[in-house]
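Below you'll find the structure, written out as structure tokens, and then a few comments.
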Amino acid sequence: MSDIPESRLPAVRVPRRVVGAATAVATLVSLAACSTEEPRPEFLGVNRVTVAMHNDLPGLSYSSNYDRSGLDFLLLQHIEEELDVAFSEPVDVSSGDRVTQLLERKADMTIASFSITAERMDEIDFVGPYLTTRQGFLVAPDSDVETLADLRGTTICTWEGTTSQEALDDILDTVGADPVTLDDASDCIDQLIAGQVQAVSTDQAILYGFARQHEKDGLRVVPDVTIGAPQHYGIGLPKGYAADCRRLEAWLKRHVGTSTWIRDVETSLPALTEEDRGWISSHKPSSAAIEARSCRDRTSP
């Protein structure tokens, strides 16, 4: 070992061209590493999907203390597992704003008991249905309503932005009932409990959710009394993403045919499945029904 102090050892100079070459090599390695990084996957033109959902429909899409539950929320979780893309926290949407939020791209996808209609198909795409239901009536425990005729002279409540408004348009002429439209679902339920209206009318799937939530109040769905055409719930998407729409359609056909779909409905809407033991035949969409309404400008014959 040398006894020369380290401070007195001669300095070793590295030629400038060697330093420059080393730097260049490091830069090339860095650029090569960057070029091999894969771009973040996209769906519907974005790499982070924002989904709009209701927050006030128990059994379908309900939020309490920032915890979401219901059939729509379970469907979203399955979609997140299927797609290789990031999702943001869901955003709230009212019934009347479901189309608007998609058109303005405030949301990239809407899962909110969203009935597929010809008018909506002109503006947005749907994938679905993932559930089929009919419009019915929710009444108080002391109500003697058992048939449509029993609603004569009553006041029936629904809320803005839903297809339920259309089905109630002629109820004044047909059974002599008076429809009233309020801002949202909770307003109608509050008025029913308070006795200010005699019935609430919307999709039975939604009504069974409310009946379960307000079990202590004795609210009940009138069995076998429906109006209007069947309601087909679909996933709303902006137009212009045909490949992504078809991919989601193919997945939904598989999903509806699984025991997971059955379990999700039974878990989310137990009042519905307990009331109607044959509920699967009337509420489960077929692959043909999904194909006829998905990724189209109009329903296929």
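The values are calculated or read from the model by the stated rules, or taken from the named source; none is laboratory data. Bear in mind that the values here come from a model prediction, so they are computed numbers and not experimental data. When we count neighbours, we look across all protein chains shown, and the Cβ atoms used for this are built from the backbone with ideal geometry, even at glycine. Surface areas here come from the heavy atoms of the whole protein model, side chains and all, with no ligands, DNA or RNA. Shrake-Rupley method; radii C 1.70, N 1.55, O 1.52, S 1.80 Å.
Out of all the residues in segment 60-84, which are assigned to a loop (DSSP other than H, G, I, E, B) and either within 12 Å of the chain's Cα centre (by Cα) or within 20 Å of residue 238 (Cα to Cα) (or both)? Break it down into steps so the answer makes sense when it comes.
First pass over segment 60-84, keeping only residues assigned to a loop (DSSP other than H, G, I, E, B): 60, 65-66, 70, 83-84.
Residues satisfying the conditions are 60, 70, 83, 84.
Yes/no per residue for (1) assigned to a helix (DSSP H, G or I); (2) in contact (Cβ under 8 Å) with a residue 12 or more places away in the chain; (3) closer than 20 Å to residue 198 by Cβ:
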| position | (1), (2), (3) |
| --- | --- |
| 100 | yes, no, no |
| 106 | no, yes, no |
| 110 | no, yes, no |
| 126 | no, yes, no |
| 132 | no, yes, no |
| 135 | no, yes, yes |
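Please give the helices (runs of 4 or more DSSP H) falling wholly within segment 168-223 in which 3 or more residues are buried (at least 24 other Cβ atoms within 10 Å of the Cβ), on the phi > 0 side of the Ramachandran plot and not charged (D, E, K, R).
Details: elements: 171-175, 185-194, 204-213.
Fully inside segment 168-223 and qualifying: nothing.
Among the residues of segment 240-285, how many are under 18 Å from the mean Cα position of the chain (by Cα) and more than 21 Å from residue 109 (Cβ to Cβ)?
The number of residues fulfilling the criteria is 7.
Quickly run through segment 85-144 and pick out the residues that are open to solvent by 20 Å² or more (accessible area, probe 1.4 Å), basic (Lys, Arg) and under 17 Å from the mean Cα position of the chain (by Cα).
Residues satisfying the conditions are 105, 106, 120.
Has segment 236-243 got any residue that is open to solvent by 60 Å² or more (accessible area, probe 1.4 Å) and aromatic (Phe, Trp, Tyr)? Walk me through it before giving the result.
Narrowing segment 236-243 to residues open to solvent by 60 Å² or more (accessible area, probe 1.4 Å): 239-243.
Right, trim to aromatic (Phe, Trp, Tyr) and you get 241.
The answer is yes; a qualifying residue exists.
Out of curiosity, is residue 133 β-branched (Val, Ile, Thr) and touching a His at 6+ places or on another chain (Cβ under 7 Å)?
Numbers: β-branched (Val, Ile, Thr): yes; touching a His at 6+ places or on another chain (Cβ under 7 Å): yes.
Yes; evaluated as a whole, the condition is true for this residue.
Taking only segment 181-223 into account, find how many residues are without any contact (Cβ under 8 Å) to a residue 12 or more places away in the chain and closer than 18 Å to residue 154 by Cβ.
2
Of everything in segment 148-161, what is in contact (Cβ under 8 Å) with a residue 60 or more places away in the chain, in contact with a strand residue (DSSP E or B) (Cβ under 8 Å, 6 or more places away or on another chain) and open to solvent by 20 Å² or more (accessible area, probe 1.4 Å)? Give them in sequence order. If you could, list the steps in order and put the result at the bottom.
Of segment 148-161, the ones in contact (Cβ under 8 Å) with a residue 60 or more places away in the chain are 148, 159-161.
With in contact with a strand residue (DSSP E or B) (Cβ under 8 Å, 6 or more places away or on another chain) added as a condition, the list becomes 148, 159-160.
The answer is 148, 160.
Considering segment 273-301 alone, what residues qualify as being in contact (Cβ under 8 Å) with a residue 40 or more places away in the chain and under 12 Å from residue 132 (Cβ atoms)?
The answer is 282, 283, 284, 285, 289, 290, 293.
I'd like the residue in segment 255-301 that is in a helix (DSSP H, G or I), modelled with pLDDT of 95 or more and charged (D, E, K, R) and, out of all such residues, is least open to solvent (accessible area, probe 1.4 Å).
Out of the qualifying residues, it is 264.
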